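Inspection log for the structure reproduced underneath, given as structure tokens.
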Amino acid sequence: MANIAVIGTQWGDEGKGKVVDLLAEHADMVVRFQGGNNAGHTMVVDGKQFISHLVPSGILQNKTCIIGNGLVVDPEVLIEEMDYLNSKGIDVGPDKIKISERAHLIMPYHKAIDHAREAKKGDKKIGTTGRGIGPTYEDKATRRGLRFVDLLDEETFSERVRTILDEKNFYLTNYLAAESLNPESIIDNYRLYAERLAPHVTNVSISIYETIKSGKQVLFEGAQGTHLDIDHGTYPYVTSSNVVAGNACSGAGVGPKEITGVIGIVKAYTTRVGRGPFPTELFDDVGDAIQEKGAEFGATTGRRRRCGWLDTVLLRNAVRLNGLTGLAVTKLDVLGGLDTLKICTGYEHNEQRLNDFPTSLKVLAACKPVYETLSGWPEDISSVREYNNLPDNSMNYLKRLEELVETPIHIISIGPGRDETIVLHNPFLTG
Ligand code: IMP
């Protein structure tokens, strides 16, 4: 039996949603373990597009979907998403979506603080998604957070909101020059959310444990990407949670020996939304062409994504940090039509070659990528279904990637649809 984690290797938006949706067919349960509705997973099934922010992508395969303790959840957004999926004929009942009683709640003051802080920082802002993610994790760490277990206890919840708001309103109005919030309207709204979500709230660690114990397979669905990890990413231009595979354990409540493989999702080029250094970023027509052809706009915020060449320094870092056992390369079709392609194999800093991703952002920002140039392919490859029918130059590109990061490619995605995929190795079928 296999239990597989699927992790983004770059700065998010690698196309995890599609790969999770595809692999979820072979799993019995799909678990999200970190982040919140800062994520945006786009899936296309039978020509219809679905975007999910909180509900694991496995919902389209009618699997049990788990929202783990490691998430921060905006209950209003979750309910909207469940209603949206339900209107598309997808079962979102309590057997299908289970929420950890330990997951933290995003509250209106978290969103207000996120917005007001970013506005105050001006051009020093992080470029957050504005969903209140950072302020919610901050309250979790300082033990002032509210969890689903609190939401279901009306008296305690109301009392805590009143007390917390006292402090938050002081901070919002006096420091951030933002509006204060009314505790009673928050309490009233959250009472409605509690009624609606109560049947879904449970100890999900037990649900996952029992699923694994009964010989069924579990898929752990990462959000964001390795280089947005709060510890291992380009801090402070990162998200507020651990994104790496190790957090699948603490963010879901399972032991490390249960995870049998880790698939890293690699977009065939690199993108980034928000701010922070990006060594292989392109500022020319090629970058614009990739941005346009790849429709590189954020699924959550609609922001234009910055685009650049594939960076194997970044990817080798992701291989090590996540213990990747295989890769899924996405959006290879987008690179079709370019005469030449570049792959970054190392960085140059102060005339010295760096083979490893630096920690200092100052160093990273001053790094010059060292490139290898490969020939492109003119053909549209989106209709190819067999690896051997891919143009030679696209195979050369993939082989060089495999060599440089010393990890085998298991899946190649050549279009947004579920069927626009070449599966060389399915970890759920062969371990
Ligand atoms: P936050 O997660 O909203 O606090 O944003 C922090 C940083 O992470 C910003 O640069 C965001 O653009 C980035 N970010 C958060 N979630 C995603 C994602 O799902 N894809 C890509 N970037 C993300």
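The values are calculated or read from the model by the stated rules, or taken from the named source; none is laboratory data. These numbers were taken from a predicted model, which means no experiment stands behind them. Heads up, the Cβs are rebuilt from the backbone with ideal geometry, glycines too, and the neighbour counts pull from every protein chain shown. Side chains are part of the model used for accessible areas, which takes the heavy atoms of the whole protein and leaves out ligands, DNA and RNA. Shrake-Rupley method; radii C 1.70, N 1.55, O 1.52, S 1.80 Å.
Would you point out which residue out of L315, L338 is away from the ligand (no atom under 16 Å from the Cβ), within 22 Å of S375 (Cβ to Cβ) and part of a loop (DSSP other than H, G, I, E, B)?
Just one listed residue meets the conditions, L338.
Specify which of the listed residues (E379, E406, E402) is of a type in the set (D, E) and within 30 Å of N350 (Cβ to Cβ).
Criteria check complete, one pass: E406.
If we scan the stretch 296-304, do we find a residue that is over 28 Å from A245 (Cβ atoms) and of a type in the set (K, R)?
Yes, the stretch 296-304 contains at least one residue that is over 28 Å from A245 (Cβ atoms) and of a type in the set (K, R).
What are the residue pairs meeting all of these: first residue in the stretch 27-47, first residue at pLDDT below 90, second residue in a strand (DSSP E or B), Cβ atoms under 7 Å, and 6 or more apart or on different chains?
G40/I51; H41/I51; H41/S52; T42/Q49; T42/I51; M43/F50; V44/G417
Are any residues in the stretch 184-199 of a type in the set (V, I, T) and either in contact with a Leu (Cβ under 9 Å, 6 or more places away or on another chain) or closer than 25 Å to I66 by Cβ (or both), and if so, which ones?
Within the stretch 184-199, I186 is the sole residue that qualifies.
Are any residues in the stretch 29-53 buried (at least 24 other Cβ atoms within 10 Å of the Cβ) and within 11 Å of the ligand (Cβ to nearest atom), and if so, which ones?
Q34, G35, G36, N37, N38, A39, H41
Could you tell me whether the stretch 128-144 includes any residue that is over 29 Å from the mean Cα position of the chain (by Cα), open to solvent by 30 Å² or more (accessible area, probe 1.4 Å) and without any contact (Cβ under 8 Å) to a residue 40 or more places away in the chain?
Within the stretch 128-144, none of the residues are over 29 Å from the mean Cα position of the chain (by Cα), open to solvent by 30 Å² or more (accessible area, probe 1.4 Å) and without any contact (Cβ under 8 Å) to a residue 40 or more places away in the chain.
I'm checking my understanding of the structure. Among residues of the stretch 276-332 that are of a type in the set (F, W, Y) and closer than 23 Å to I381 by Cβ, which one is surrounded by the fewest Cβ atoms within 10 Å (Cβ to Cβ)?
The selected residue is F297.
Might you check whether a residue that is within 16 Å of the ligand (Cβ to nearest atom), farther than 28 Å from A252 by Cβ, assigned to a helix (DSSP H, G or I) and not basic (K, R) occurs anywhere in the stretch 123-131?
Among the residues of the stretch 123-131, at least one is within 16 Å of the ligand (Cβ to nearest atom), farther than 28 Å from A252 by Cβ, assigned to a helix (DSSP H, G or I) and not basic (K, R), which makes the answer yes.
Suppose we filter L390, L429 for residues that are crowded, with 19+ Cβ neighbours inside 10 Å and either modelled with pLDDT of 95 or more or farther than 30 Å from H232 by Cα (or both); which single one remains? Walk me through it before giving the result.
Numbers: L429 fails: crowded, with 19+ Cβ neighbours inside 10 Å.
Within the list L390, L429, the selection yields L390.
Can you go through D166, D95 and tell me which one is open to solvent by 80 Å² or more (accessible area, probe 1.4 Å) and in contact with a Ser or Thr (Cβ under 8 Å, 6 or more places away or on another chain)?
When all the criteria are applied, what remains is D95.
If you take the residues in the stretch 1-28 that are surrounded by fewer than 24 Cβ atoms within 10 Å (Cβ to Cβ) and away from the ligand (no atom under 16 Å from the Cβ), which one is farthest from L228 (Cα to Cα)? First the steps, then the outcome.
Initially, the stretch 1-28 is screened for residues surrounded by fewer than 24 Cβ atoms within 10 Å (Cβ to Cβ), giving 1-2, 15, 22, 25-26, 28.
Restricting the remaining residues to those that are away from the ligand (no atom under 16 Å from the Cβ) gives 1-2, 22, 25-26, 28.
Numbers: M1: 31, A2: 27, L22: 24, E25: 28, H26: 28, D28: 28 Å.
Top of the filtered list is M1.
I'd like the residue in the stretch 360-382 that is polar (S, T, N, Q) and either under 14 Å from P279 (Cβ atoms) or under 27 Å from the mean Cα position of the chain (by Cα) (or both) and, out of all such residues, is surrounded by the most Cβ atoms within 10 Å (Cβ to Cβ).
Looking at the filtered set, the residue picked out is S382.
Given the structure, is S185 in contact with a Phe, Trp or Tyr (Cβ under 8 Å, 6 or more places away or on another chain), more than 23 Å from A328 (Cα to Cα) and polar (S, T, N, Q)? Before you say what the answer is, go through the steps one by one.
Working: in contact with a Phe, Trp or Tyr (Cβ under 8 Å, 6 or more places away or on another chain): no; more than 23 Å from A328 (Cα to Cα): yes; polar (S, T, N, Q): yes.
Judged against the criteria, S185 is not a match.
Output the residues belonging to the stretch 341-359 that are in a loop (DSSP other than H, G, I, E, B) and open to solvent by less than 90 Å² (accessible area, probe 1.4 Å).
N355, F357, P358
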